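> Before I ask anything, here is the structure I am working with.
The values are calculated or read from the model by the stated rules, or taken from the named source; none is laboratory data. In this text, all values refer to a predicted model and were calculated from it rather than measured experimentally. Cβ atoms come from the backbone with ideal geometry, glycine included; neighbour counts cover every protein chain shown. Areas reflect the complete protein model, heavy atoms only, side chains present, ligands, DNA and RNA absent. Shrake-Rupley method; radii C 1.70, N 1.55, O 1.52, S 1.80 Å.
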Amino acid sequence: MATMVKAPLTGVERTFDPNELIVSKTDLTGKIVYGNRLFFQLAGYTEQECLGKQHNVVRHPDMPRAVFDLLWETIKAGREIFAYVVNRSSNGDHYWVFAHITPSLSSDGAINGYHSNRRTVNRSVLEQHIIPLYRKLREIEASADSPKAGLANSRKFLTDLLAEKGQSFNQFMFSLEQA
Ligand SMILES: Cc1cc2nc3c(=O)[nH]c(=O)nc-3n(C[C@H](O)[C@H](O)[C@H](O)COP(=O)(O)O)c2cc1C
């Protein structure tokens, strides 16, 4: 399988319509097994280029590791998570989404993959809350002695923030939407 060369970030944001959804599905290891037309269009890859690749093919460097760590912990435990995510297109553009990620279950109730639907973001929530929070988490991650320590520190920052608010991560996400 050819390695994908990542184009430098352009700073150009891609947008999509509020009545559209970006959909993808992965296997248990996070390899993409399905994407809808809009997913491939925004990611800037063909279906052939994406299928079988890890979902981090669209990972943007501004995304905190803590968010993905929490994401995987949550879905592996069989629960759903809602999160703001910024993704990187193949040409270096980016696009923000509000994602719902959930396990898919087989008829006997075992997790057999994962599924994500994403819609457009609330701009004021993004600018006033998410971008500053993610920047802070990234700073914490970058300032530690090792990636492992950075992740532990940023997870702790997030845990403390949620404890202070008395909210789960999903409750926090929806409280921002309603504020
Ligand atoms: C169903 C599903 C959808 C995902 N969607 C995205 C996504 O849109 N963007 C992204 O960067 N990571 C997404 N991830 C998380 C990636 O698997 C990965 O954890 C993340 O990109 C961080 O990559 P890294 O661990 O290599 O740093 C998704 C995972 C699952 C299970």
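> Farthest toward the dipole's positive end in the chain, which of PRO132, SER175, PHE98, given Cβ charges of +1 (Lys, Arg) and -1 (Asp, Glu) about the Cα centre?
Projecting each Cα onto the dipole axis, the largest value belongs to PRO132.
> Considering only protein heavy atoms and a probe of 1.4 Å, how much of the accessible area of the chain is carbon and sulfur, as a whole percent?
On the way: 5020 of 9560 Å².
After summing per-atom areas, the C and S share lands at 52 percent.
> Can you work out the base-10 log of I(q)/I(0) for the chain at q = 0.10, 0.15, 0.20 1/Å, using the Debye formula on its C-alpha atoms alone?
-0.40, -0.94, -1.60
> Which of these, GLY166, GLY78, GLY150, has the largest mean-square fluctuation under a Gaussian network model of the chain (Cα springs below 10 Å)?
GLY166
> I've got another one for you. I want to check a number: in the chain, how many lysine pairs have alpha carbons closer than 16 Å, given a sequence separation of 8 or more or different chains?
Details: LYS6/LYS53; LYS25/LYS53; LYS25/LYS76; LYS31/LYS53; LYS31/LYS76; LYS136/LYS156; LYS148/LYS156; LYS156/LYS165.
Eligible lysine pairs with Cα atoms under 16 Å apart amount to 8.
> Shifting gears a bit: Could you compute the FRET efficiency for SER175 and SER107, with r as their C-beta to C-beta distance and R0 at 41 Å, rounded to 0.05?
Values: r = 36 Å, r/R0 = 0.87.
The value I calculate is 0.70.
> Lys and Arg at +1, Asp and Glu at -1: add these up for the other residues within a Cβ distance under 10 Å of HIS94 and post the number. Intermediate results must be reported in sequence, preceding the final value.
Values: positive: ARG14, ARG88; negative: GLU13, ASP62, ASP93.
With Lys, Arg at +1 and Asp, Glu at -1, the neighbours total -1.
> OK, next. At what distance in nm do the modelled label points of GLU80 and GLU139 sit from each other, each positioned 7 Å from its Cα along Cα→Cβ?
Each label point lies 7 Å from its Cα, and together they span 3.4 nm.
> Counting Lys +1, Arg +1, Asp -1, Glu -1, what net charge surrounds ALA66 among other residues with beta carbon under 15 Å of its beta carbon?
Once positives and negatives cancel, what remains is +2.
> Largest first, how would LEU42, LEU51 line up by accessible area (1.4 Å probe)? List each step's numbers first, then the result.
Details: LEU42 10, LEU51 65 Å².
Listed by decreasing accessible area, they come as LEU51, LEU42.
> Put a dot 7 Å past each Cα toward the Cβ at ASP17 and ILE131; how far apart are the dots in nm?
2.6
> Hey, if we sort SER24, SER107 by accessible area with the 1.4 Å probe, largest down, what's the order? Each step should come with its number before you reach the end.
Details: SER24 0, SER107 135 Å².
Largest to smallest exposure gives the sequence SER107, SER24.
> From the protein chains alone at 1.4 Å, what is the descending order of accessible area for GLU177, GLU80, largest first? Could you put the intermediate results ahead of the total?
Numbers: GLU177 45, GLU80 85 Å².
From most accessible down to least: GLU80, GLU177.
> Return the distance in nm (one decimal) between the two label points of a simple spin-label model at ASN117 and GLU164, each offset 7 Å from Cα along Cα→Cβ.
Going by the 7 Å Cα→Cβ label model, 3.4 nm.
> Further question on the same structure: Compute, for the chain, the length of the dipole vector about the Cα centre, with Cβ point charges of +1 (Lys, Arg) and -1 (Asp, Glu) only. Units Debye, rounded to 20. Could the numbers behind the result be given before it?
Values: 21 positive and 19 negative charges, 39 e Å.
Magnitude of the dipole: close to 180 debye.
> What are the ³J(HN,Hα) couplings of segment 137-152, residue after residue, when phi is run through the Karplus curve with 6.51, -1.76, 1.60 and θ = phi - 60°? Round to Hz, x for glycine and proline.
Going residue by residue, I get 4, 5, 4, 4, 5, 6, 8, 7, 5, 9, x, 5, 5, x, 5, 4 Hz, with x marking Gly and Pro.
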